[in-house]
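Q: Would you mind keeping the following structure in view while I ask a few things?
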Amino acid sequence: MVVVAETKKTQKTLNKSSFYAQGLPFCCTACGECCSNHSGYDFVFLTPKDISNLANFLELPEEDFLRAYTREDVSDVVLKDKGEACIFLGKNGRCQIYEARPVQCRTFPFWPENMNEKVWNHEIKRDCPGVHTDHIVPATTIEELLSLQTDQK
């Protein structure tokens, strides 16, 4: 895990968010639960950079990747699923595209909509065993992960 230096922007945001100002417990267990559909968490939204990275990783032209592995949802491009899980979740419960996974996957569970105490303590703790740990992710790292998402849009 990379710890980023605290910037003025990060400090400003941290002052507003006492919920995770001291960091949050999380250590990925590689269980694959975040790759399964939970309570409305069932879309993996793709940025243009994600599409390019995944097509390159799979050694496919972007058009072929889009046709085989994605669908449109209103104005967004999302990964197809296979039943109750991501199309790239292997039978062994492991991500088949881990090295090139989309930013949404790389930043879970630190999504803007999860960064409030109610959602974290009810939905995330219920669905993600990685939050039941003593390992604390520093607030500055959380801010960096959040900024990755807004920078990609």
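Laboratory data are not the source of any read-out in this text; all were calculated from the coordinates shown. Quick caveat, the model's predicted, so the values are computed rather than measured. All Cβ positions, glycine included, derive from the backbone under ideal geometry; neighbour counts span all protein chains shown.
Q: Can you give me the long-range amide H partners of Val137? Hydrogens built in the peptide plane at 1.01 Å from N, cutoff under 5 Å, separation of 5 or more residues or another chain.
A: Counting only residues 5 or more places away or on other chains, the set is Leu24, Phe26.
Q: So between Lys91 and Ala30, what do we pick up on full extension, going 0.36 nm a residue minus the alpha carbon distance? Can you show the working numbers first?
A: Numbers: separation 61, 0.36 × 61 = 21.96 nm, distance 1.34 nm.
Computed gain between Lys91 and Ala30 is 20.6 nm.
Q: Whole-Hz ³J(HN,Hα) for each residue in region 108-119, computed from phi via Karplus 6.51 cos²θ - 1.76 cosθ + 1.60 with θ = phi - 60°, x for glycine and proline: what do you get?
A: 5, x, 8, 9, x, 5, 9, 8, 9, 4, 5, 5
Q: Using Cα pairs under 8 angstrom and six or more residues apart, how large is the relative contact order of region 57-103, in percent? Before the final figure, lay out each step's value.
A: On the way: 25 pairs, mean separation 10.8, N = 47.
With pairs under 8 Å counted, the relative contact order is 23 percent.
Q: Residue farthest toward the positive end of the dipole of region 56-149, with Cβ of Lys/Arg at +1 and Asp/Glu at -1: which of Gly90, Thr70, Thr140?
A: Gly90
Q: When a/c reaches 1.5 or more, the comparison of a/b and b/c decides; with that in mind, is region 86-153 rounded, prolate or oblate per its Cα gyration tensor?
A: Working: a/c = 1.83, a/b = 1.22, b/c = 1.51.
Here region 86-153 falls in the oblate category.
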